[in-house]
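Only one structure is covered here, and it is reproduced in the block below.
The values are calculated or read from the model by the stated rules, or taken from the named source; none is laboratory data. All values derive from a computational prediction rather than experimental measurement. Glycine also receives a Cβ, built like all others from the backbone with ideal geometry; neighbour counts cover every protein chain displayed.
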Amino acid sequence: MELPDQLYCLFSSTVEERDDSYVIKVPKQEIKFGALQDGETHRVAILPSPTGQGTEQTNTGLRREPDPPKPPVEQGDQRTVEIEDIGDQGDGITRVERGFVVIIPETEKGERLTVEITDVRENVAFAEVVERLNSNE
């Protein structure tokens, strides 16, 4: 499946009936880490879960959600990115696959860089600048 560059986030959720409508819960972390903004309108695409995903039956008969997908980057990875925004602390923000956020200090909006991932967490990674690139590269 091909995902557009504009994708802010990707998560799995169940559809729940509530009164005369249905609700898809957005994980709090998507708002907390800035992928989505509370009160803003976003387009939503609904995709079927790949075979074998969704809730799983455990030995005790209880159902549990599968583990969330692993981050699309690993410590030591190098990426060429463009700074999309500046965060509240003044650090550059970019997104890679699945809208995964990477924070890079001492950068400016619109700057193209080669970065090295230095720390990976569940919903965000941090990187350092390896090389500053011209805008026409």
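Here are a few things to note about the model shown:
- Residue match in region 113-135 (condition: modelled with pLDDT under 95, more than 21 Å from P27 (Cβ to Cβ), of a type in the set (A, V, I, L, M) and in contact with a strand residue (DSSP E or B) (Cβ under 7 Å, 6 or more places away or on another chain)): yes
- Hits in region 67-92 (condition: of a type in the set (A, V, I, L, M) and within 16 Å of E131 (Cα to Cα)): V81, I83
- Scope region 98-112; condition more than 17 Å from the chain's Cα centre (by Cα) and outside any strand (DSSP E or B); matching residues: P105, E106, T107, E108, K109, G110, E111
- Whether a residue is in a loop (DSSP other than H, G, I, E, B), closer than 28 Å to E111 by Cβ and modelled with pLDDT of 90 or more was assessed, and E2 does not pass this test.
- From V81, V129, V115, residue being surrounded by 13 or more Cβ atoms within 10 Å (Cβ to Cβ), among the β-branched types (V, I, T) and either part of a loop (DSSP other than H, G, I, E, B) or over 18 Å from the mean Cα position of the chain (by Cα) (or both): V129
- Contact map, region 97-124: first residue under 11 Å from E82 (Cα atoms), second residue loosely packed, with under 15 Cβ neighbours inside 10 Å and of a type in the set (K, R), Cβ cut-off under 8 Å, separation 6 or more or different chains; pairs are E111/R132; R112/R132; L113/R132.
- Conditions (1) surrounded by fewer than 18 Cβ atoms within 10 Å (Cβ to Cβ); (2) over 12 Å from V73 (Cβ atoms); number of the one not met by G99: (1)
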